[in-house]
Structures are given as C-alpha cells and as structure tokens.
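Following: one structure in structure tokens, then a few remarks.
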Amino acid sequence: TLTIICLVVYPILYGIYISFFDTNLVNKWNFVGLRYYAQALTDASFLHSLMKTMIFTVTVVCGHFVLGFIFASILNTDIKYRTLFRGILILPWLFPDVVIAYLFKWILNTQGGILNELLMHFSIISEPVGWLSTSATAFPCVILVSMWKGYPLVMVQILAGIQTISHDLYEAAEIDGANSIQKFFKLTVPLLKPTTFFLTITGIISSFKVFGYTNVMTGGGPGSSTYTLVYYIYTSAFKYYKMGYASAIAVILFVMLLIVTIIQWVHN
C-alpha cells in the first residue's frame, strides 16, 4: 500500500496540484486556478496534438487487429514449421519501443537507409525519399512502425481465444452450409468479443500514451506533423518550461484514460 501511495497516488495528486500554478517548480508559484485548463481547450496546438493522437490511436488499434487476426488465423492452421513461424512473428513484441524506433529510423534514413537503397536498386524510385523528413510520409511511417511493434500481443491473445472455441461449433456450421467467411464473421468474431473488447481498451490506452516513436524517429516534426499528445506535454514542460500548463494537459489525458478504464471495468 505504501509503495502504491508513493509511486502512483502521490505523483498524480502532485501533478494535479502543479496544474493550478504558473511555476518553475523551484521559486515561482503563482496561483492561476483553472486558467490552464481553459487555455488548453482553446489552444490550437493542443487540439492539433489531440487530433493527431486520435488518428494514431484509431489507425494503430485497427491495424493491430487486422494483422493479429490474419496471423492468428494462419497459425491456427496445421502448417509446416508452425512453431518457428510463431516465434518469428512474436519477435517485434520482445524489443523495447526505443530500440524499434532507432532501428526504423536507420532503415528509413534518407541517406543510406536500407529502404531507399532497395527501392533505388530495383528502380522503383530514382532518388532517396525523405520518409521521416516529409510531412506527407512521416506520420504514416510512425503509425506503421507502431503497428508492426504491437500486433504480436493481439495475435497471441486472438490465437489463444480461437483455440478455446470448440471445433464442434465449426463442424455444425459447415453442416449448415457456412463457408469460411461466414464462419469467421458469424462464429469466430462473436465468440471472441470479450477478448477483442479487452484488447481494444488496452490498445487505446497504450496508443494514447505514445511517445518513444515520435521522440526518436521524428522529434515531433517535420513541423508539427507528428506531434502527439504526450510529446506535446513533454515539449511544453521541458522545452518551454510551462510546467503548470503541461501538468494541466497531463491531467486532461489522465481523465480521458480513466474514462476508458472505467468503461472496461463496467463492461467486465
């Protein structure tokens, strides 16, 4: 209990306290009340980062499910070297986010990056593409990397869920004339609803907290094209030293994630 209070409760309460002050955390403590909360709701930069985060979250969570269902369905069949493929497909999940971010930053590098070298070798492009330095491609690249990193968890959970479904149900569906697509949407998906709901909630919470990929791969740029909410909190606090304002945004994020968590708790 003491550990939870020291490591969880106290930081949350202290962050809420700071959000009411214009402070440098040392010798400047000017009480501003709810001003920073009102400012955040009308701040174009905050709203932009919130929109980017929502786009990131929806796209990544959907991508995790698409890849997770595809690979789980494949691994559920009696294919040769299934154990080997399962080990290979789960590899991205084993590496820390920062390692993955640096790896893909190197792969997508404009000069000497593997992707550009391969595309030019096969004459698909004539000159290097600035994947992470162009607004049109930087954010999609961050999204795709996050999808690749996170799909193994969904794949494992979905595979475990599929394997708990009785084969008798599928055989009965076949007798009734159901094809593979009908069995998937009428049988597999409904029976996996508890699992998919849990994965959706945890995926939303995880995606809303994304920071490592944008910090390492793009630094929020080019411009503000990859500014996510947590990265905006980080720059507000440690680049512009707006500790109170950054704390207010963090509290808003905390409330949003708390609502999502309560939804999961009520559902269960």
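The values are calculated or read from the model by the stated rules, or taken from the named source; none is laboratory data. Owing to the predicted nature of the structure, the values given are computational and were not obtained by experimental measurement. Here the Cβ is made from the backbone with ideal geometry for all residues, glycine too, and neighbour counts use every protein chain on show. Ligands, DNA and RNA are stripped out before the accessible areas are found, and what is left, the full protein with its side chains, is counted by its heavy atoms. Shrake-Rupley method; radii C 1.70, N 1.55, O 1.52, S 1.80 Å.
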What percentages make up the Cα-Cα pair-distance distribution of the chain when the bins are 5 Å wide from 0? 1, 5, 10, 12, 13, 14, 13, 11, 8, 6, 4, 2, 1, 0, 0, 0
For region 206-268, the accessible surface attributable to carbon and sulfur atoms (probe 1.4 angstrom, ligands and nucleic acids excluded) amounts in percent to 68 percent
Go through Ile55, Ile181, Ile90 and list them by solvent-accessible area, largest first, probe radius 1.4 Å. Ile181, Ile55, Ile90
Rounded Å value of the spacing that divides the Cα centres of region 1-71 and region 98-131: 33 Å
Do any of Lys80/Lys193; Lys105/Lys193; Lys105/Lys239; Lys209/Lys239; Lys52/Lys186; Lys80/Lys149 go past 27 Å between their Cα atoms, and which? Lys80/Lys193; Lys105/Lys193; Lys52/Lys186
Keeping all protein chains in the complex and leaving out DNA, RNA and ligands, what accessible area do you get for Val145 with a 1.4 Å probe, in Å² to the nearest 10? 10 Å²
Residue-ordered couplings for region 64-72, obtained by feeding phi - 60° into the Karplus form 6.51 cos²θ - 1.76 cosθ + 1.60 and rounding to whole Hz (Gly and Pro as x), are 4, 5, 4, 5, x, 5, 4, 5, 5
Once Thr110 and Leu34 are pulled to full extension, the length gained, defined as 0.36 nm per residue separation minus their Cα-Cα distance, is 22.9 nm
Helix 135-163 versus the longest principal axis of the chain: what is the Cα-based angle in degrees, 0 to 90, to the nearest 10? 50 degrees
What are the residues whose amide H is under 5 Å from the amide H of Phe21, where those residues sit 5 or more places off or on another chain and H is modelled from the backbone? Val32
Ignoring ligands, DNA and RNA, what percent of the 1.4 Å accessible area of region 51-196 is carbon and sulfur? 68 percent
Please state the charge dipole magnitude for the chain, taken about the Cα centre, from unit charges on C-beta atoms (+1 on K and R, -1 on D and E), reported in debye and rounded to the nearest 20. 520 debye
Using protein chains only and a probe of 1.4 angstrom, how many square angstrom of Phe95 are accessible, to the nearest 10? 100 Å²
Three-way shape call for region 179-268 based on the alpha-carbon gyration tensor, with the a/c threshold at 1.5: oblate
For an R0 of 25 angstrom, estimate the FRET efficiency from the Cβ-Cβ distance between Phe95 and Lys209 and round to the nearest 0.05. 0.90
Considering the chain as a Gaussian network with a 10 Å cut-off on Cα pairs, which listed residue, Gly223, Gly244, Gly203, attains the greatest mean-square fluctuation? Gly223
Work out the FRET efficiency for Met256 and Ile181 from their Cβ-Cβ distance, taking R0 = 41 Å, and round it to the nearest 0.05. 0.65
Excluding ligands, DNA and RNA, what is the solvent-accessible area per residue of region 143-268 at a probe of 1.4 Å, expressed in Å²? 51 Å²
Under a Cβ-only charge scheme (Lys and Arg +1, Asp and Glu -1), can you give me the dipole magnitude of region 139-196 about the Cα centre, in debye to the nearest 20? 340 debye
